[in-house]
Amino acid sequence: MSVGTLVAAASGAPEGIFLFVPHLADLVWGTLCFLLIAVVLVKYALPRFNAVLDERTAKIEEGLALTERAKEEQSDAEARATRLVEDARLEAARIRERAQAEADKIIADARAEAAGEAGRAMESAERQIEADKQAAQISLRSDIGLLATDLAEKLVGEHLADAELSGRVIDRFLDELEHKPVSPAWSARAGAVR
């Protein structure tokens, strides 16, 4: 045997399976120290640790609740904003329809008023034309009558003293002129004079 084996056998060192089994004194002192540390940890450290964990849990739950509330408020705000936008669109459409109806009414009133004014202007113009026509006919009759009388006096060679006879001659002459068809040359000259 070697010297090392002899020294190990003489010192009473365990061999084999006993190598892993502790001595009784080490086991008792280790257990007492473990229990002392466990009691101190359970008595002082664990409550503080649990308080910190509870506080963090409360903060996390509060944050989650705030997040949920914020999400609900955001969805409510979005729904309100959507309703407001839709209400604004509907109101704008109603305003446009009212404005269009008022514009159509104003245009119709203006057209009716313009048509009335045009009708009154036409009637006034027609009355003026008719009055001018009658005045022109009267003036023309008297001028033509005088010319016809002068012509007749020159042709007959004597003065027509009878005014009634002279008026009948003039009227007959003018009636013949009115019923006589107008020659195209005379119409062309009359159109050029206008």
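The values are calculated or read from the model by the stated rules, or taken from the named source; none is laboratory data. As the structure is a computational prediction, the values presented were derived from the model and not from experiment. Please note: Cβ atoms are built from the backbone with ideal geometry, for glycine as well, and neighbour counts cover all protein chains shown. We work out accessible area using only protein heavy atoms, side chains counted, and drop any ligands, DNA or RNA first. Shrake-Rupley method; radii C 1.70, N 1.55, O 1.52, S 1.80 Å.
Just to be sure I understand: if I project the alpha-carbon convex hull of the range 56-97 onto a plane and average over all orientations, what area do I get in nm²?
Approximately 2.3 nm², given one-decimal rounding.
Using 1/(1 + (r/R0)^6) with R0 = 25 angstrom and r between the beta carbons of ILE129 and ASP171, what's the FRET efficiency to the nearest 0.05?
0.55
By the gyration tensor of its Cα atoms, with a ≥ b ≥ c the square roots of the eigenvalues, what is the shape of the range 84-128: rounded for a/c under 1.5, prolate for a/b over b/c, or oblate?
Prolate, since a/c reaches 1.5 and a/b exceeds b/c.
How large is the charge dipole for the range 44-137, taken about the Cα centre, if only the Cβ atoms of Lys, Arg (+1) and Asp, Glu (-1) carry charge, to the nearest 20 debye?
I would put it at about 220 debye.
If you wrap a convex hull around the Cα atoms of the range 37-82, how much volume per residue is inside, in Å³?
It comes to 33 Å³ per residue, whole-number rounded.
How long is the gain from LEU147 to ALA114 if the chain were fully straight, where each residue apart is worth 0.36 nm and the alpha carbon distance is subtracted?
7.2 nm
Below 18 Å, Cα to Cα, which aspartates and glutamates can LYS59 reach? Residues fewer than 8 away in the same chain don't count.
Output for LYS59: GLU68.
Rolling a 1.4 angstrom probe over the protein chains, ignoring ligands and nucleic acids, what is the accessible area of THR67 in square angstrom, nearest 10?
70
Over the Cα atoms of the range 22-179, each weighted equally, I'd like the Debye log10 I(q)/I(0) at q = 0.20, 0.21 Å⁻¹, rounded to two decimals.
For the requested q values the scattering log ratios are -1.20, -1.24.
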